[in-house]
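Participant: Got a structure here, written out as structure tokens. Questions coming.
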Amino acid sequence: MLELKNFEVWFVTGSQRMYGPEVLKQVADDSRQIAEYINAADNIPCKVVYKPTVTTPEEITKLCVEANSAPNCVGLMTWMHTFSPAKMWIAGLGLLGKPFVHLHTQFNRDIPWDKIDMDFMNLNQSAHGGREFGFICSRLRKNRKVVVGHWKDKEVLAGLEVWMRAACAWQDWQGMKVARFGDNMREVAVTEGDKVEAQKQFGYSVNGYGVGDLVSYIDKVTDSQIKDLFDIYQAEYLIELNDEQLKAVKESARIEAGMRGFLQEGGFKAFTNTFEDLHGILQMPGLPTQRLMAEGYGFGAEGDWKSAALVRAMKVMAAGLEGGTSFMEDYTYHLDPSGPKVLGAHMLEVCCSLAAGKASLQVHPLGIGGKSDPARLVFDVAKGDGVNAAIMDMGNRFRMLVNPCKVVESNGALPKLPVARVVWQPMPDLKTAAAAWILGGGAHHAGFSMCLTKEHLEDFAEMAGIECLVIDENLTISEFKKEIRTNEIYYMLANSLK
């Protein structure tokens, strides 16, 4: 189970010594109160840690360096209570390697119209102090989120929550290890990419392992381990299987235990495999992959390491929220003009965190991969808001596509489709969304979530320096094409200046 409360966001207030000790004491008291209030809010996922007010270039630089080296610090929340001359921030922000959010707020919500005087004005200068800070951030070309409003407002807390979740996922990527069992599915383009550039830009490493390395772990699994897992299956899932199918389930348990052992011992947070390279494994690892994703592992099919990393990031962002998150694929369309829909699934690997009710554990032939009949969890997904996202290597940059959707009921029971599945209507509509996704070079694999929004993914993409194209209810194809062309020029120029 992922736990974000182990992460910290440092609350940093900027001011200057010109105001004198009395004002600075009040600034510190107000800052501490705001930090404690935000930290105590129910929706805030990680710790908000108050830091002493910074008033000199040396203090700012020291704090930024400390933040860089603090393993639990995912970023800074900056607030300018008074006027903080922004040249003081140049060195520190230049060294800062963690993301930050600019909270543009003030301690008082309302102006005390009948009592306001110059003492009040000198103390409460967020309105123009925030602008001074904003200028230097823009002058330094620093990506950041700006949240505006009173610190007790629900919308402000919601914006901070989204940013914190994205910051936790970004921190999780730093030093993350992705295991590829086998290589890429042969001749497939979009699942390939520059792993060295990804490690340089994103902080995670991707390395390949022979399937035999995994098989050695599977072969060491004991009967006791298999029994323990089978007992869990019986408690958590609906099971109506014959003796031969139960053997297949126990073999799946053996594979699951071996995969978990390999991933845990190697410290991996995400993995891929491909059905073309399963030598020595008796069945496609459907059930094991579904259950490992439910524990928080990222996954990408057919060697798709970018999707595996993205699913892991989405799992971290979604920790503790209602709903599920999974690897996904647009499998087939329902093109009835009265209600076009997408049927999303994969061969087997859709995370059971999405299941509406108790999943059914079943065994059926797969018809691909040449292996014995694999075990898998079969379920539908409840109605609600969802979002699909994918990351592609475009050659000169990484691109993320984000498409919100509405999960709807299927038009039938799908009795002959024994896989986990979800039906959705993409925004703004299927024709426009599919055209935009294709024009944007979108992958056929995605991360899908019922608990994240486009804002989570936009915040994350900004931290990661990923181009982010949003396909939502406001999109038109003509403007989308213009955005792609404009971005192409921007990234060519930006990369040439590095």
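Participant: In the range 18-53, what residues are aliphatic (A, V, I, L, M) and without any contact (Cβ under 8 Å) to a residue 60 or more places away in the chain?
Facilitator: 18, 24, 28, 35, 40, 48, 49
Participant: Next up: Given the structure, is residue 377 more than 19 Å from residue 424 (Cα to Cα) and open to solvent by 30 Å² or more (accessible area, probe 1.4 Å)?
Facilitator: Taking the combined requirement at face value, the residue does not satisfy it.
Participant: Of everything in the range 404-434 that's open to solvent by 40 Å² or more (accessible area, probe 1.4 Å) and of a type in the set (A, V, I, L, M, F, W, C), which residue is farthest from residue 284 (Cα to Cα)?
Facilitator: Ranking the candidates gives 427 first.
Participant: Being of a type in the set (A, V, I, L, M), open to solvent by 40 Å² or more (accessible area, probe 1.4 Å) and part of a helix (DSSP H, G or I): is that true of residue 489 here? Break it down stepwise before answering.
Facilitator: On the way: of a type in the set (A, V, I, L, M): yes; open to solvent by 40 Å² or more (accessible area, probe 1.4 Å): yes; part of a helix (DSSP H, G or I): yes.
Yes: the conditions hold for residue 489.
Participant: Could I ask something else about it? Which pairs have Cβ atoms under 7 Å, sit 6 or more apart or on different chains, and link a residue in the range 145-174 that is closer than 23 Å to residue 135 by Cα to one that is part of a helix (DSSP H, G or I) and among the aliphatic types (A, V, I, L, M)?
Facilitator: What qualifies is 147/156; 147/160; 149/156; 150/156; 151/34; 151/38; 160/38; 167/463.
Participant: For the range 268-286, check the following and say yes or no: at least one residue is polar (S, T, N, Q), in contact (Cβ under 8 Å) with a residue 60 or more places away in the chain and within 15 Å of residue 177 (Cβ to Cβ).
Facilitator: yes
Participant: Does residue 315 satisfy the criteria of being open to solvent by 10 Å² or more (accessible area, probe 1.4 Å) and either within 21 Å of residue 174 (Cα to Cα) or among the aromatic types (Phe, Trp, Tyr) (or both)?
Facilitator: Working: open to solvent by 10 Å² or more (accessible area, probe 1.4 Å): yes; either within 21 Å of residue 174 (Cα to Cα) or among the aromatic types (Phe, Trp, Tyr) (or both): yes.
Here the answer is yes, as residue 315 does meet what is asked.
Participant: On to the next question. Here are 344, 386, 395: which of them is within 26 Å of residue 276 (Cβ to Cβ), under 23 Å from the mean Cα position of the chain (by Cα), crowded, with 22+ Cβ neighbours inside 10 Å and not aromatic (Phe, Trp, Tyr)?
Facilitator: Exactly one of 344, 386, 395 is within 26 Å of residue 276 (Cβ to Cβ), under 23 Å from the mean Cα position of the chain (by Cα), crowded, with 22+ Cβ neighbours inside 10 Å and not aromatic (Phe, Trp, Tyr), namely 344.
Participant: Separate question: May I ask you to list the residues in the range 176-208 that are at pLDDT 95 or above, of a type in the set (Val, Ile, Thr) and open to solvent by less than 70 Å² (accessible area, probe 1.4 Å)?
Facilitator: 178, 206
The values are calculated or read from the model by the stated rules, or taken from the named source; none is laboratory data. On a predicted model such as this, the values are computed, not experimentally measured, just so you know. FYI the Cβ positions are ideal-geometry reconstructions off the backbone, even for glycines, and counts take in every protein chain you see. Surface areas here come from the heavy atoms of the whole protein model, side chains and all, with no ligands, DNA or RNA. Shrake-Rupley method; radii C 1.70, N 1.55, O 1.52, S 1.80 Å.
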